[in-house]
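S.K.: Have a look at the structure that comes next, please.
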Amino acid sequence: MTVEATIVATEWSDVEYCFHIAKLPHGISSFFCRSLSEKSDENCAMSQRNESTTLGEACAAGDIDSVRKILDSGADVEGSSATDTPPIVSAAHGGHVAIVQELLKRGASITGVDLAGVTALEAAVSAGHKDVAKVLLPGSVATTARNGDASVLHWLAKRGHSAAVTLLLQAKANPLQVDEDDEQATDWAADSGHAEVAALLREAAQVEERAPQPAQTTLILPDVGSLLSSSAHTQFRQQSEEAP
């Protein structure tokens, strides 16, 4: 489902993106698209004709009014195509906290990935959006609580994103959780050639196996800001070595 938009102006950014000022049914908004060539309106197909603002474009632009309107019209919260970047990943990368919250409220999958395997949590952490990471953290940890599906931890391990992996582990994500093929996140990291991340996950799994299991687990959210620093990995290793 899309909302018709008339392009009324176009502004180019430094590299390969152009921002369109569009007239929507409810007012003026903006969104961006990627150009594959030089800065020229003729190279950007969206500048040549009236187009529709998709959910992903509205999420990337931070236009929450358009996001709500598009979703209310019946659009799929996961996007219109399996080849598209999930809207929640676009919103997380842009640091749009309210939109991420809106998408989660409407049932967006927190394990959704783009064609490169990037999750919303990785997008937020990579871009330094701590507020977005805090919103995504509880749901991301929860994906490691049940076996049978690839968790956010699996995808981060596959990508070799040590900062986000550390963030999840310190928030008490379960490194022993397995996917449908009975593989842990450690296996995904090793298979993708990320030896350091695989070692980190292996340590966490050993600590988890030795630790007594509590009757009830309380989610403890770490300081996201500190975990985005270069010392996060070292801190986790020190905690692992001190464990009984």
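S.K.: So for the range 94-106 (the condition being touching a Cys at 6+ places or on another chain (Cβ under 8 Å), free of Cβ contacts under 8 Å to residues at least 40 places away in the same chain and within 18 Å of residue 61 (Cα to Cα)), does at least one residue qualify?
M.R.: Yes, because at least one residue in the range 94-106 is touching a Cys at 6+ places or on another chain (Cβ under 8 Å), free of Cβ contacts under 8 Å to residues at least 40 places away in the same chain and within 18 Å of residue 61 (Cα to Cα).
S.K.: Select, from 178, 125, the only residue that is among the β-branched types (Val, Ile, Thr) and out of contact with any helix residue (DSSP H, G or I) (no Cβ under 7 Å at 6 or more places or on another chain).
M.R.: On the way: 125 fails: out of contact with any helix residue (DSSP H, G or I) (no Cβ under 7 Å at 6 or more places or on another chain).
Going through 178, 125 in turn, the sole match is 178.
S.K.: While we're here: Which numbered condition trips up residue 236, out of (1) at pLDDT 95 or above; (2) in a helix (DSSP H, G or I); (3) crowded, with 16+ Cβ neighbours inside 10 Å?
M.R.: Unmet condition: (1).
S.K.: Kindly indicate the residue of the range 131-148 that is farther than 13 Å from residue 167 by Cα and of a type in the set (S, T, N, Q) and also surrounded by the fewest Cβ atoms within 10 Å (Cβ to Cβ) among those meeting that condition.
M.R.: By that ranking, first place goes to 147.
S.K.: What is the residue count in the range 97-130 for residues that are farther than 23 Å from residue 149 by Cα and either crowded, with 24+ Cβ neighbours inside 10 Å or acidic (Asp, Glu) (or both)?
M.R.: Matching residues across the range 97-130 total 2.
S.K.: From the list 149, 179, 187, 114, exactly one residue is more than 30 Å from residue 80 (Cβ to Cβ), of a type in the set (Asp, Glu), free of Cβ contacts under 8 Å to residues at least 60 places away in the same chain and in contact with an Asp or Glu (Cβ under 9 Å, 6 or more places away or on another chain). Which is it?
M.R.: Criteria check complete, one pass: 187.
S.K.: Sticking with this one: Could you check how many residues of the range 92-110 are more than 8 Å from the chain's Cα centre (by Cα) and either among the hydrophobic types (A, V, I, L, M, F, W, C) or part of a loop (DSSP other than H, G, I, E, B) (or both)? Spell out the reasoning first.
M.R.: Looking only at the range 92-110, we keep the residues that are more than 8 Å from the chain's Cα centre (by Cα), and these are 94-109.
Narrowing further to those that are either among the hydrophobic types (A, V, I, L, M, F, W, C) or part of a loop (DSSP other than H, G, I, E, B) (or both): 95-100, 103-104, 106-109.
Result for the range 92-110: 12.
S.K.: Of all residues in the range 81-91, count the ones that are closer than 16 Å to residue 122 by Cβ and not in a helix (DSSP H, G or I).
M.R.: 2
S.K.: Test each condition in (1) over 29 Å from residue 173 (Cβ atoms); (2) at pLDDT below 85 for residue 65 and report the one that comes out false.
M.R.: (2)
S.K.: Follow-up question, since we're still on this one. Of these, 119, 166, which one is closer than 19 Å to residue 104 by Cα and β-branched (Val, Ile, Thr)?
M.R.: Exactly one of 119, 166 is closer than 19 Å to residue 104 by Cα and β-branched (Val, Ile, Thr), namely 119.
S.K.: Continuing with the same structure: Within the range 158-166, identify whether any single residue is closer than 18 Å to residue 116 by Cβ, touching a Phe, Trp or Tyr at 6+ places or on another chain (Cβ under 7 Å) and part of a helix (DSSP H, G or I), and answer yes or no.
M.R.: Taking every residue of the range 158-166 in turn, at least one turns out to be closer than 18 Å to residue 116 by Cβ, touching a Phe, Trp or Tyr at 6+ places or on another chain (Cβ under 7 Å) and part of a helix (DSSP H, G or I).
S.K.: Tell me which residues, restricted to the range 60-80, are assigned to a helix (DSSP H, G or I) and in contact with a helix residue (DSSP H, G or I) (Cβ under 9 Å, 6 or more places away or on another chain).
M.R.: Matches in the range 60-80: 60, 61, 64, 65, 66, 67, 68, 69, 70, 71.
S.K.: May I pose another question? Within the bounds of the range 171-182, is there any residue that is in a helix (DSSP H, G or I) and farther than 21 Å from residue 91 by Cβ?
M.R.: Scanning the range 171-182 turns up no residue that is in a helix (DSSP H, G or I) and farther than 21 Å from residue 91 by Cβ.
S.K.: Taking the criterion of being in a loop (DSSP other than H, G, I, E, B), more than 15 Å from the chain's Cα centre (by Cα) and surrounded by fewer than 17 Cβ atoms within 10 Å (Cβ to Cβ), would at least one residue in the range 149-157 satisfy it?
M.R.: yes
The values are calculated or read from the model by the stated rules, or taken from the named source; none is laboratory data. Keep in mind the model is a prediction, meaning the values are calculated, not measured. Every residue, glycine among them, receives a Cβ derived from its backbone with ideal geometry; neighbour counts consider all protein chains shown.
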